[in-house]
Every structure is written in structure tokens, then in C-alpha cells.
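Okay, structure first, notes after.
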Amino acid sequence: MIEAIGLTKRYGNTVAVRNLSFTVKPGKVTGFLGPNGAGKSTTMRMALGLDNPTSGEVRIDGEKYRDLKYPLRKIGALVDPKWVHPNRSARAHLAWMARSNGIPGRRIDEVLDTVGLNSVAGKNVGGFSLGMSQRLGIAGALLGDPEILMFDEPVNGLDPEGILWIRTLMHRLADEGRTVFVSSHLLSEMALTATELVVIGRGELISQCSTTEFVARASDNSVRVRGPHLPQLRRLLAGTGARIDDFSDDAGAALIVSGMDSERIGEAAAANGLVLHELSPQRGSLEQAFMQLTGDSVQYQSDLDGNAPDRVLATGNN
């Protein structure tokens, strides 16, 4: 489990993280979301002891990172895939990490096989592509077989096959009862990967809840209705205060009813003898919910002519 408790980080006059508290529990993939400049990477760096908080703390299963005797056995992390010395081979890099934490050498081949780098294990990492570097970083995170894993933008540089692979890997790790905490700007991918979310903006907590709850909270309650009596249904529902919009596609005409759930619509239609062929709740997307709930936390917005920066870094940290 990861616990952030009243976490604050200042860089001069800039507050990157402000009184941030949240908990990441085992057995789930928890997504860490926020606009650029929200403080995600800074928070992760403080969790790993790479940056010192101005106040507050992060606990890793109840301990600070610096107090862990063999940290790689407790928490594995991918923060910067390019930090490896370019003249080291992938195997040598992992061997150095293993020796520093008393990890058996046989584990090196196991993680190289897991991330698909066995064939290039003897090559210098300076020649690796970003995708290969990401895989090596993930191998390093897995090396100590830790209970807790933290990934900062793990799908950067991966092709679609690689993205599917890392998604499947994170689900498997969570299913094994591990704590999995992952940040990403790819909201469509997070919708498929994360069951829980921690969402921040300008260094402060906006929401911590399930992905389903986050989307539902920000989405209109709308239902798509089809049937042979749409004009009558429109008149019937008009007096309820619901918003009713016309919709048409290859399947034919429909009504989109907002502000009234499918049960109430179905009951009203049945009570008035109106036949329905479709009654489908419409679920919003994670991207729509994210834009709605974090809009006030974005420092820069694009203008209508596209001349202003769109969601650029508000500080040097994201």
C-alpha cells in the first residue's frame, strides 16, 4: 500500500504539490491522472525518495522509502527509462541492480524474458529505442519481485502490441494482490487499465474513486430510446423536466433523454402502452469526465484560432 499524507513540495515560490493525501491499495490498478503541471511526477519522485517533500510524507507499507533495507524487494518503479548508463548492456544494468539489493542472479533472465528483451540482453542500452528502454525500465521495476509497483508513463514509445502487453501485465500484477500505481496521459488507455483513480490538479487532490464512479459523476445521465411511438413518448416525457434530443443513425430514429434514468422511462412508457425497442443508458468517456473535472486546473488553454499553447506544462514538473 502507498499512503501520501499531507504531501507538499515547493520550488521557490512555486507550489508543485499542496497538502496532498491519498491511498493506493493492493489488488487493483490505480491510475494517477492530472493535467500537465499537476504534480504527478513530483509526487512519484517524493514517494521514491528522489525529492524531499517540503512537508508531509509518503509511506510504503507503513515505512518511508529511505528506511527500507532492500527497497527493490518492496517497491519497483519506472520513472525515467533513459537514466541507464548508455555503455552498459541491459543484462549488466540489471545485474548491478540485483547485487545492490541481494536479488538472486537467476531473476535477471526471468525479467528479461517477461519484457521480451532476452535477444538484446548483451547490447548497450545507448542504442535502444524508447520502447526498448521502457521495457528495460519495467524489467528493473519487476526485478525484486516487489509487492508494490509504480509506473510513470509506462506506455510511452510502445507500439499497439506493446501497449496491450503492459496493460495485461499490470492487470496480472494486480490480480496477484500487488499494489499497482500508474500515471499516463493516454486517457483511453487508462479507461481500459485502471479500476481506481487518483486525480490531481495544480498539486491538489480533485478526486479519488473508482473509474466507473469518476466517469458517472461527470457525465450526463442520458438514455437512448428507440421504438414506434417516439412522438408520443416525447410528449409524455416533456412534462418531467428531462431534456430530450433527436438522434438518428443507421439503426433509425431515436431519442436521447437526459436527466431521467432508463427505469423511469420504461415504467412511464409501459404505463401509457408505448412500445420500446431499445432503452440503452449512455455512458460517458473517461476523457470527457477528465476534461470536465480538471478544466479549472489547466493553466493554459488554446484559443479558437489555435494560436495559444494547449495544455502545455504549467511548471517544469508533471
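What follows is calculated from the coordinates using simple rules that are stated; it is not laboratory data. Source: prediction; values computed, not measured. Ideal geometry is used to build each Cβ from the backbone, glycine not excepted, and the neighbour counts take in all protein chains shown.
When the Cα positions of MET170, LEU187, LEU112 are compared along the charge dipole of the chain, LEU112 comes out farthest toward the positive end, with charges on each C-beta of Lys, Arg, Asp and Glu.
Take every DSSP beta bridge whose two residues both sit in segment 2-216; close to 55 percent of them are antiparallel. Taking 28 Å as the straight-line reach from the Cα of LYS64, the lysines in range (excluding those fewer than 8 positions away in the same chain) are LYS9, LYS25, LYS28, LYS40, LYS74, LYS82. Gap in Å between the Cα centre of segment 223-266 and the Cα centre of segment 184-207? Measuring centre to centre over Cα atoms gives 33 Å.
Altogether, the Stokes-Einstein calculation at 10 °C and 1.306 mPa s, with the Kirkwood radius of segment 1-134 over Cα pairs as Rh, returns a diffusion coefficient of 95 µm²/s. Its Cα centre serving as origin, segment 20-123 has a Cβ charge dipole (Lys and Arg +1, Asp and Glu -1) of approximately 160 debye. Our note on the geometry: Cα centres of segment 1-67 and segment 96-169, 24 Å apart. For segment 154-208, GluC sites (Glu not before Pro) meeting the loop criterion (DSSP other than H, G, I, E, B) and having at most 14 other Cβ atoms within 10 Å: GLU176. Placing unit charges on the Cβ atoms of the charged side chains and taking the dipole of the chain about its Cα centre, the candidate lying farthest along the positive direction among TRP83, ALA16, MET1 is TRP83. Taking LEU48, LEU230, LEU72 as the candidate residues, the one with maximal mean-square fluctuation in a Gaussian network model of the chain, Cα springs under 10 Å, is LEU230.
Dipole magnitude for the chain: computed about the Cα centre from +1 point charges on Lys and Arg Cβ and -1 point charges on Asp and Glu Cβ, it is near 1120 debye. For trypsin sites (Lys or Arg not before Pro), the sites in segment 1-69 that DSSP calls loop and that have at most 10 other Cβ atoms within 10 Å are LYS69. Restricting the calculation to Cα atoms, segment 30-107 yields a radius of gyration followed by a Dmax of 14.7, 41 Å.
Where does the charge balance sit around LEU274 when Lys and Arg score +1, Asp and Glu -1, over other residues with C-beta under 14 Å from its C-beta? Value of the local net charge: +2. Using just its DSSP H runs of length 4 or more, each adding -39500 (n - 2.57), the chain gives a mean residue ellipticity at 222 nm of -9500 deg cm²/dmol after division by all residues.
By the gyration tensor of its Cα atoms, with a ≥ b ≥ c the square roots of the eigenvalues, what is the shape of segment 221-282: rounded for a/c under 1.5, prolate for a/b over b/c, or oblate? Rounded, because the longest to shortest axis ratio a/c is under 1.5. Short-range pairs are left out: with C-alpha atoms under 8 Å and at least six residues apart, the relative contact order of segment 221-282 is 52 percent.
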